[in-house]
Amino acid sequence: MNKIGLFILLLISLKSMSQSDTLILKNENLLIGKVKLMSGGIIQLETNYSKDDFKIKWKEVKYFSSPQTHIITLASGELLNGAVMGIIDSLKCKIIEIDTKIIKTVNLSEIVYIKTIDVNFWDRLDISFDVGFKLTKAQNLKQLSINSSVGYNAKRWFATGTYKQIQSVQDQSEKIQRIDSDFNYVYLLPKDYFITGSISTLSNTEQEIQLRVISKGGYGRYLFRDNNKYWGIALGLSYNHERYQNEKEINKSLEFFSGTELNFYDIGDFSISSKLLVFPSLTEKKRVRTDFNLDTKYDLPLNFFIKLSFVYNYDNKPVANSSKDDYVFQTSFGWKLN
């Protein structure tokens, strides 16, 4: 056993002196502090000797030990709740279940999510905001885009809220405006299954949608999830409540929905997220709607980032004299809290 190994065992044994979490990286660097979260292939560590938290790629960690209680998810979908005891020079650890005291030995590469239970409200919160602006002399074009998101992670569930707006004004043309918002709740179940519910809205001048409100609930599963990607699917029912411009009546319909989400988040400083939803109507004959989102983000220092986004909506039975589809492609610059 090397000198670092002996030193770590000494730290672990002296519980009265320290209750810190310990990481050893593959380059032999030693970090001691408090783990807040490991998600998306990145572990976040708070220390007394740095103003900002350390964010380290999980694949670079070869030893992890923590006396804190964590919610831990394995690549198999198994959920564990307990403390972690590292095993020197093995790329493995022992997870001690808080209730049963059962000890499970796993490879570090099998762990895809760690959430410390006693973190405070702000540690569980993720906020990001980005904005884009375009101004051209030709026809005096002015275009503004705003995107914001808020996320909160609890023990067995997480919730996200988003708001997106794009507005374009130019001479001799009508104003173009599109506003999307969404609130989504996911409750995690064993074996990578989950229950999901959401409410989303859309206002879109291109398709003459004054306001569309969709409430949906369903059941899904992560087909695979590791430290650089995940792929999930979901099925359920949705209720569509929509009002069109220049139309007095409100259209209401019940729909079946199927969706898939594929994310990659360990491509250097890049991350890619995509989501596809299909809504075949159960009450309107042969009507089908489709929503697709693609976001590519490049992380910059100090939590800033650059983002490229593509959004596409399709409706095979739109209101009279309006377009069947609409799409938005935009670039923006933003900042995130965590």
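Only the coordinates and a few stated rules stand behind these numbers; no lab work does. What you see is a predicted model, and the numbers here were worked out from it, not measured in a lab. Cβ: placed from backbone, ideal geometry, glycine included. Neighbour counts: every protein chain shown.
Students often check this: by mean Cβ neighbours within 10 Å, which of 53-59, 325-331 ranks highest, and how do the rest follow?
53-59, 325-331
Taking the dipole about the Cα centre of the stretch 125-336, with the C-beta of Lys and Arg at +1 and of Asp and Glu at -1, give me whichever of Gln330, Tyr152, Leu308 is farthest to the positive side.
Working it through, the farthest residue towards the positive pole turns out to be Tyr152.
Using only the alpha-carbon atoms, how far is helix 3-13 inclined from the longest principal axis of the chain? Give it as 0 to 90 degrees, nearest 10.
90
Pick out, in residue order, every one of the trypsin sites (Lys or Arg not before Pro) in the stretch 257-338 that is DSSP loop and has at most 16 other C-beta atoms within 10 Å; say none if there are none.
Values: sites: Lys275, Lys285, Lys286, Arg287, Arg289, Lys297, Lys307, Lys324, Lys336; in loops: Lys285, Lys286, Arg287, Lys324.
Sites meeting the loop and neighbour criteria: Lys285, Lys286, Lys324.
Take the Cα atoms of the stretch 219-288, find their three principal axes, and give me the spread along each one in whole Å, biggest first.
51, 25, 17
Treat each spin label as a single point 7 Å out from the Cα along the C-beta direction, and report the Thr105 to Tyr193 distance in nm.
Label at Thr105, label at Tyr193, 3.1 nm between them.
Mind giving me the nanometre distance, one decimal, between the label points for Leu211 and Lys336, set 7 Å out from Cα along Cα→Cβ?
Spacing of the two 7 Å Cα→Cβ label points: 3.2 nm.
Given the rule -39500 (n - 2.57) for each run of at least 4 DSSP H residues, summed and divided by the residues of the chain, what is its mean residue ellipticity at 222 nm, to the nearest 500 deg cm²/dmol?
Dividing the helical sum by the residues of the chain leaves -1000 deg cm²/dmol.
Only loop residues by DSSP count here, and only those with at most 11 other Cβ atoms within 10 Å; note down the GluC sites (Glu not before Pro) in the stretch 207-281 that meet that. Mind showing how you got there, number by number?
On the way: sites: Glu208, Glu242, Glu247, Glu249, Glu255, Glu261; in loops: Glu208, Glu247, Glu249.
In loop regions of the stretch 207-281 (DSSP not H, G, I, E or B), the sparsely surrounded GluC sites (Glu not before Pro) are Glu249.
Label points 7 Å out from Cα along the Cβ direction at Trp157 and Phe256: separation in nm?
2.8
Taking only the Cα atoms of the chain, how large is their convex hull per residue, in Å³? Provide the component values of the computation, followed by the final result.
On the way: hull volume 48.7 nm³, N = 338.
Output value, Cα hull per residue: 144 Å³.
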